[in-house]
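The values are calculated or read from the model by the stated rules, or taken from the named source; none is laboratory data. All values reported here derive from a predicted model rather than from experimental measurement. Methodologically, a virtual Cβ is constructed for each residue, glycine included, from the backbone with ideal geometry; neighbour enumeration extends over all protein chains shown. For accessibility, only protein heavy atoms count, side chains too; no ligands or nucleic acids. Shrake-Rupley method; radii C 1.70, N 1.55, O 1.52, S 1.80 Å.
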Amino acid sequence: MLVSIVYMSRAVDDFDDAAMTELLHGSRLRNEALGVSGLLVAKGGRFMQLLEGPAWSVDDRYAAIARDPRHTALTSLIREDIDVRRFDGWSMAYRALDETDLASEDGFSPFLSGGSDFPPEFDRTSAAWLLRWFRDRELHDV
């Protein structure tokens, strides 16, 4: 059984390009080993991520993220059973605070700059709506 989780969190400290690159490399290795795929978008010190894969793997990754001291205000937005992976091969969309992209990073997607959209089978889901909302909003501290 495959599941998908979408969550949002806030970074405790600023993530510059070097910190984001380090985060990406470690996450990709762990996710690949556990059979987890998905999409992570980051901007303005906030993260929204969709994780998908076997339930035990996704739950393991989400629990690790919840324990990670680099995150605060972790909020699960959607958890659903899925029949097929929707982001197999999609691993990262990122826009840095100084408006430069990590475009040379493996798995980079231009999603945050509006240069990419979703596969048709995912396009009308609640998760797709949330990810577009995140992309299209200015997020301010509350």
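Residue count for the stretch 12-44 under the criterion of being more than 13 Å from the chain's Cα centre (by Cα) and among the small types (Gly, Ala, Ser): the result is 6. Scanning the stretch 1-30 for residues that are modelled with pLDDT of 85 or more and not in a loop (DSSP other than H, G, I, E, B) turns up Leu2, Val3, Ser4, Ile5, Val6, Tyr7, Met8, Ser9, Arg10, Ala11, Arg30.
Picking from residues in the stretch 35-61 that are in contact with a Gly (Cβ under 7 Å, 6 or more places away or on another chain) and surrounded by fewer than 19 Cβ atoms within 10 Å (Cβ to Cβ), the one that is nearest to Ile78 (Cα to Cα) is Pro54. Ala64 meets the stated requirement of being open to solvent by 20 Å² or more (accessible area, probe 1.4 Å), of a type in the set (A, V, I, L, M) and at pLDDT below 95.
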